[in-house]
Amino acid sequence: MLSLSVKFEVDNAAYPPSSFQSTSPGRNYADVLASNRFLTYFKNSLLVTGTATGLAMLVGVPAGYGIARMAARKWPS
């Protein structure tokens, strides 16, 4: 993923694949950070991942506690 992030789209789909980029790899990152919408997208990502994690914890923690507290039974042989 890191190698794809520093290449241009044309280089990502090239056959045979190129290993090295001839231009500055930092330019792609600078372009993304200079984008006016980057902070909006980043905030939305944090909101979605935080909500999903919170809901998973809300369900998972009580379920895990209940399973851990269940008495183990021996199955008849």
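The values are calculated or read from the model by the stated rules, or taken from the named source; none is laboratory data. None of these values were measured; they are calculated from a predicted model. In this analysis, Cβ positions are derived from the backbone assuming ideal geometry, glycine residues included, and neighbour counts consider all displayed protein chains.
Remarks
- Total residues in segment 1-29 satisfying the condition of being exposed (fewer than 10 other Cβ atoms within 10 Å of the Cβ) and at pLDDT 75 or above: the figure is 2.
- Within segment 50-75, the set of residues being in a helix (DSSP H, G or I) and of a type in the set (Phe, Trp, Tyr) comprises just one member, Tyr65.
- For segment 34-45, a residue qualifies if it is surrounded by 10 or more Cβ atoms within 10 Å (Cβ to Cβ) and either of a type in the set (A, V, I, L, M) or touching a residue at least 60 places away in the same chain (Cβ under 8 Å) (or both), and exactly one does: Leu39.
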